[in-house]
Amino acid sequence: MLKTLKQNLNNHFKLKRPVPRRDAILKHAAVLVVVCGARDCLELLLTLRSNSVSRHRGEVAFPGGMWQEGDADLLVTALREANEEIGIQASSLELIATLPSASPMRNHLTVIPFVAYMEDEQKLIAQPSEISEIFRVPFRYLMDQKNYHYFEKTFEGQNYRLPYIKYNGHQIWGFTLMVLVELLNVGMAAEIDLNYPF
């Protein structure tokens, strides 16, 4: 499973280290899409954001955050933020690919997802001011189209019908869902077809 994922991602999305342009309007962020578990039974590492953060409270997310002036590139951002949020060590990761940038339901923000395989198991500790839980979802569960559903959400006065997947009481949707589905469709030929309103 891991071999297939790596080959397919490398065929489509090479590992890059983009450096953001300094722009007064556009802001940049990066997330770390951590694949873990046995090579033939992969899992995706996710976090639940705490209710103390200013944005996306209580939502499922990849570890990551905003680019800072001291970060040489956005991969440094992703690794720094993942270490700050859940204590993950860069030395335990095999970096695999850079997925295309995307934007959450927020103007003037672009996010770069970096895919990595956690080669060495390590004890991860959530920074409680930012993360309330760390959990894993098996690839096999995520690749089953029957597990995907839709819900209604109002955003800035407009109603949207958005896809989501639920796992152990956690609802995964929005930017996080878009990234993980792209990872599975490209990396594992999952053929998950979801309807987005935008």
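The values are calculated or read from the model by the stated rules, or taken from the named source; none is laboratory data. Only a predicted model underlies this, so the values are computations on that prediction, with no experimental measurement involved. All Cβ positions, glycine included, derive from the backbone under ideal geometry; neighbour counts span all protein chains shown. In case anyone asks, the SASA skips ligands and DNA or RNA and just uses the protein heavy atoms, side chains included. Shrake-Rupley method; radii C 1.70, N 1.55, O 1.52, S 1.80 Å.
Every residue, every condition in (1) within 12 Å of the chain's Cα centre (by Cα); (2) without any contact (Cβ under 8 Å) to a residue 40 or more places away in the chain; (3) over 15 Å from VAL31 (Cα atoms), yes or no:
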| site | (1), (2), (3) |
| --- | --- |
| LYS123 | no, yes, yes |
| GLN127 | no, no, yes |
| LYS146 | no, yes, yes |
| GLU152 | no, yes, yes |
| ILE172 | yes, no, yes |
| ALA189 | no, no, yes |
| LEU194 | no, no, yes |
Review point. If you go through the stretch 1-22, how many residues are free of Cβ contacts under 8 Å to residues at least 12 places away in the same chain and either within 27 Å of ALA38 (Cα to Cα) or open to solvent by less than 100 Å² (accessible area, probe 1.4 Å) (or both)?
Key: 2
Study note, to complete from the structure: Over the stretch 114-158, the set of residues under 19 Å from GLU59 (Cβ atoms) and among the hydrophobic types (A, V, I, L, M, F, W, C) is LEU124, ALA126, ILE131, ILE134, PHE135, VAL137, LEU142, PHE151, PHE155
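Is it true that THR47 is β-branched (Val, Ile, Thr), touching a residue at least 60 places away in the same chain (Cβ under 8 Å) and open to solvent by 10 Å² or more (accessible area, probe 1.4 Å)? Walk me through how you get there before you give the answer.
Working: β-branched (Val, Ile, Thr): yes; touching a residue at least 60 places away in the same chain (Cβ under 8 Å): yes; open to solvent by 10 Å² or more (accessible area, probe 1.4 Å): no.
When the stated conditions are applied, THR47 does not pass them.
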Review point. Among the residues of the stretch 148-167 satisfying the criterion of being at pLDDT 95 or above and either under 28 Å from ILE96 (Cα atoms) or of a type in the set (D, E, K, R) (or both), which is surrounded by the most Cβ atoms within 10 Å (Cβ to Cβ)?
Key: ILE165
Practice item. Any residue in the stretch 74-85 that's in contact (Cβ under 8 Å) with a residue 12 or more places away in the chain: show its pairings with residues that are of a type in the set (S, T, N, Q) and buried (at least 19 other Cβ atoms within 10 Å of the Cβ) at Cβ separation under 8 Å, as long as the two are six or more apart or on different chains. Key: LEU75/THR98; GLU85/THR47
Check your understanding: Of the residues that sit in the stretch 95-119 and are open to solvent by 50 Å² or more (accessible area, probe 1.4 Å) and out of contact with any Pro (no Cβ under 9 Å at 6 or more places or on another chain), which one is nearest to GLY187 (Cα to Cα)?
Key -> LEU95
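Here is a yes/no grid of residues against (1) aliphatic (A, V, I, L, M); (2) modelled with pLDDT under 95; (3) buried (at least 17 other Cβ atoms within 10 Å of the Cβ):
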| position | (1), (2), (3) |
| --- | --- |
| ASN51 | no, yes, no |
| SER54 | no, yes, no |
| GLU59 | no, yes, yes |
| PRO63 | no, no, yes |
| MET66 | yes, yes, no |
| GLU69 | no, yes, no |
| VAL76 | yes, no, yes |
| GLU81 | no, no, yes |
| ILE86 | yes, no, yes |
Review point. Does the stretch 152-171 contain at least one residue that is touching a Pro at 6+ places or on another chain (Cβ under 9 Å) and charged (D, E, K, R)?
Key: yes
**Study point:** Selected residue (criterion: farthest from CYS41 (Cα to Cα)) from residues of the stretch 120-132 that are surrounded by 14 or more Cβ atoms within 10 Å (Cβ to Cβ) and modelled with pLDDT of 90 or more
**Key:** GLN127
